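Heads up: the structure comes next, in structure tokens.
The values are calculated or read from the model by the stated rules, or taken from the named source; none is laboratory data. For clarity, every value in this text was computed on a predicted model and none was experimentally measured. Please note: Cβ atoms are built from the backbone with ideal geometry, for glycine as well, and neighbour counts cover all protein chains shown.
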Amino acid sequence: MSEATIRAQIDTTVNAVSNIGIVHDYERWAADWSNILDYFKTEISSEEVIRGWTITCESFTQTLEQFNRGYLRHYTYKIRGYFGVDDAAESEKTAVAIVEDVVEALDADDTLHDPDTYYKMFPVDCTIFEARTFAGVLCHYAEVTLEIEEWHDANS
């Protein structure tokens, strides 16, 4: 397996969550900061809203195992969510519920927990949930951390 395969599975799992918005399997950037919102605008329940996610591999480390016959690669992913604030609609509650759905979906994903591919996934955490200004708009911001290990055989 590879980092790209793990990232693709994370993307598939997050995209399967109801009312998730737009999911990007990498950090999005724009030369004109005002255009960044275009990457995260979507329509949910006939309303145009800011609701989007990015997936990034923040780091990976390696540990030699079993007398140098292979190594474990430990990946740390950040899955970041952005939700436009709508106080009248109590948007914080909706955002938290969707973040919980993302965490639960990742925790339950059989592919990411498959011992035949030597994956070991640690419990998924929402490490940050707060209000932030995003591209000039007040948003709920969530940061979900996923850590996973993958075995690499030194002989292949």
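Residues in the stretch 56-77 that are of a type outside the set (S, T, N, Q), in contact with a Leu (Cβ under 9 Å, 6 or more places away or on another chain) and surrounded by 14 or more Cβ atoms within 10 Å (Cβ to Cβ): GLY70, TYR71, LEU72, TYR75, TYR77. Just to be sure before I move on: is ILE36 out of contact with any strand residue (DSSP E or B) (no Cβ under 7 Å at 6 or more places or on another chain), touching a residue at least 40 places away in the same chain (Cβ under 8 Å), closer than 18 Å to PHE134 by Cα and surrounded by 15 or more Cβ atoms within 10 Å (Cβ to Cβ) in the structure I sent? Criteria met by ILE36.
Quick check, is GLU150 part of a strand (DSSP E or B), within 17 Å of GLN62 (Cβ to Cβ) and either touching a strand residue (DSSP E or B) at 6+ places or on another chain (Cβ under 8 Å) or among the hydrophobic types (A, V, I, L, M, F, W, C) (or both)? Criteria met by GLU150. Restricted to the stretch 11-33, and to residues there that are part of a strand (DSSP E or B) and out of contact with any helix residue (DSSP H, G or I) (no Cβ under 6 Å at 6 or more places or on another chain), the residue that is surrounded by the fewest Cβ atoms within 10 Å (Cβ to Cβ) is HIS24.
Return a yes/no flag: does the stretch 81-96 have any residue that is in a helix (DSSP H, G or I), surrounded by fewer than 17 Cβ atoms within 10 Å (Cβ to Cβ) and in contact (Cβ under 8 Å) with a residue 24 or more places away in the chain. Give the steps one after another, and end with the answer.
Pass one, the stretch 81-96, residues in a helix (DSSP H, G or I): 87-89, 91-96.
Filter once more, so that each one left must be surrounded by fewer than 17 Cβ atoms within 10 Å (Cβ to Cβ): 87-89, 92-93, 96.
With in contact (Cβ under 8 Å) with a residue 24 or more places away in the chain added as a condition, the list becomes 92, 96.
Looking through the stretch 81-96, at least one residue is in a helix (DSSP H, G or I), surrounded by fewer than 17 Cβ atoms within 10 Å (Cβ to Cβ) and in contact (Cβ under 8 Å) with a residue 24 or more places away in the chain.
If you go through the stretch 144-156 and keep only what is closer than 25 Å to VAL102 by Cα and more than 8 Å from the chain's Cα centre (by Cα), you end up with GLU147, ILE148, GLU149, GLU150. Which of the residues spanning the stretch 104-136 are surrounded by 15 or more Cβ atoms within 10 Å (Cβ to Cβ), under 30 Å from LEU37 (Cβ atoms) and either touching a residue at least 24 places away in the same chain (Cβ under 8 Å) or of a type in the set (Phe, Trp, Tyr) (or both)? Answer for the stretch 104-136, where residues must be surrounded by 15 or more Cβ atoms within 10 Å (Cβ to Cβ), under 30 Å from LEU37 (Cβ atoms) and either touching a residue at least 24 places away in the same chain (Cβ under 8 Å) or of a type in the set (Phe, Trp, Tyr) (or both): ALA105, LEU106, ASP109, CYS126, PHE129, PHE134, ALA135.
Pick from the stretch 84-137 the residues that are among the basic types (Lys, Arg) and at pLDDT 90 or above: which of them is nearest to ALA30 (Cα to Cα)? Ranking the candidates gives ARG132 first. Within the stretch 97-122, the set of residues being touching a His at 6+ places or on another chain (Cβ under 9 Å), closer than 30 Å to GLY70 by Cβ and not in a loop (DSSP other than H, G, I, E, B) comprises ASP107, TYR119, LYS120, MET121.
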